[in-house]
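Read through the structure below, which is laid out as structure tokens, and then see the notes.
FYI, it's all coordinate maths here, none of it is from the lab. None of these values were measured; they are calculated from a predicted model. Positions of Cβ are generated from backbone atoms using ideal geometry, with glycine treated the same way; all protein chains shown enter the neighbour counts.
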Amino acid sequence: MLSEGGSFMKGVVLGGLFCLVLSLLGSFSPGTESRTEDHHHHHVKAPSDDELQRLSDTRVQELSNQVRVSCIIMVQPKILVYWATAVDTWSKHCDKAVFYTSESSKALDAVDLNEKDDWARLRKALKHAYENAGDLRWFFVAQPTTFAIIENLKYLVLTKDPSEPFYLGNAMKSGELEYVLYDSGIVLSYEALKRLVHVFQDEDKCPERGRALWKLSEDKQLAVCLKYTGVYAENGEDAHGKGLFNSKSVDSLITDSMRDNPTNVVEGCCSNMAVTFNGMSPNQMQVMMYGVYRLRPYGHDFHDSLMFHPPEGSDND
């Protein structure tokens with residue numbers, strides 16, 4: 001009877017432990033996602049017109065000259081057409097644009113990381129960007145399928161101090177983890193990148209190959225590592241609270257707005273200061289370049305309070 005009772009108690013204990021493990025796995029499941037707009041924290045807004053008007057002309061000019069962006073663009077030869085399109089379109093507006101590839105390609109210039117694993121490759125790219133940052137203090141991580149308006153990114157971080165740890169973009173939530181969606185582009189300040197590169201050296205906190213029961217995506221791995229350094233995901237928004245980093249194309253966002261906001265499609269669609277869009281074909285990205293940078297109503301003055309000059313010697317639009 002004693003042995004039967006002992007077996008019963010062992011079963012109870014093991015069953016309880018099994019249920020506990022299942023409960024923990026459920027709470028950390030990467031499949032349960034929600035937008036962080038449900039949580040009233042971790043929001044970073046672009047300056048309003050009123051805020052800019054309170055700054056002196058000299059200060060505005062200083063800020064506009066100081067905000068310079070290094071673009072870290074992750075590419076692969078198998079998506080060569082997107083790679084070529086990014087080279088020919090929005091990346092020209094980065095103060096520095098470096099393409100990082102999984103393997104060398106004779107067609108286009110890039111830093112060959114000779115790494116097949118997506119997370120390990122991203123780590124190497126971020127470390128390389130940090131070590132070669134020079135005087136650049138803002139870093140934009142993107143895939144070639146993303147279309148970015150770099151001037152709007154500069155406006156978002158205009159009054160932010162890059163010596164503070166900023167980790168911005170389209171913030172999402174998976175279980176207890178808040179992270180920035182890779183498809184929409186990721187913004188890191190110099191301080192955030194410095195902390196990240198430092199924690200890369202700690203395999204217990206930030207393993208290069210990952211040790212989870214399931215393989216985490218690169219953006220979630222990034223958030224986990226940054227969390228150990230006290231850096232948390234923040235949602236980039238305009239002065240009215242609209243998200244600036246989009247994981248969909250303009251066409252998809254307008255279609256969604258026509259369904260959800262039929263009486264006010266434009267207002268319900270996107271921010272006027274949107275930074276990124278995703279999910280467009282290379283041809284659509286070329287059309288975006290035309291609409292964003294080339295098409296202008298003759299004689300119309302937008303009265304912008306400041307101007308971001310293109311990188312010296314660039315052939316951008």
Length released on extending from S105 to T159, taking residue separation times 0.36 nm less the Cα-Cα span: 15.5 nm
Restricting region 81-159 to GluC sites (Glu not before Pro) in coil, as DSSP defines it, with at most 15 other Cβ within 10 Å: E103
Would you mind giving the average projected area, over all directions, of the Cα convex hull of region 216-269 in nm² with one decimal? 5.2 nm²
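Need one number: % antiparallel among DSSP beta bridges in region 32-243, to the nearest 5. Let's see the in-between values first.
Working: 15 of 33 bridges.
In region 32-243, DSSP labels about 45 percent of beta bridges as antiparallel.
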Can you grab the distance from the C-alpha centre of region 93-161 to the C-alpha centre of region 251-299, Å, no decimals? 24 Å
Spatial extent of region 32-243: Rg and Dmax, with the Cα atoms as the point set, Å: 17.1, 54
Mind computing the radius of gyration and Dmax over the alpha-carbon atoms of region 153-253? Å is fine for both. 14.3, 43
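Rule-of-thumb check for region 70-169: C-alpha Rg over 2.2 N^0.38 Å? Kindly include the intermediate steps, with their values, before the conclusion.
Values: Rg = 13.5 Å, N = 100, 2.2 N^0.38 = 12.7 Å.
Taking the Cα Rg and dividing by 2.2 N^0.38 Å, one obtains 1.07.
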Rough spin-label spacing in nm, given labels placed 7 Å along Cα→Cβ, for D260 and Q66: 3.6 nm
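Kindly state, to the nearest 0.05, the FRET efficiency for H42 paired with H198, given R0 = 25 Å and r defined as their beta-carbon distance. The partial results should precede the final answer.
Values: r = 22 Å, r/R0 = 0.88.
Using R0 = 25 Å, I get an efficiency of 0.70.
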Could you name the lysines whose alpha carbon sits less than 20 Å from that of K45, not counting residues in the same chain fewer than 8 places away? K154, K160, K173, K242
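In region 178-305, how does Rg compare with the Kirkwood Rh, expressed as the Rg/Rh ratio over alpha carbon atoms? Mind showing how you got there, number by number?
Details: Rg = 18.8 Å, Rh = 17.5 Å.
My calculation of the ratio gives 1.07.
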Identify the trypsin sites (Lys or Arg not before Pro) of region 80-172 meeting these criteria: DSSP loop state and at most 10 other C-beta atoms within 10 Å of the C-beta. K106, K116
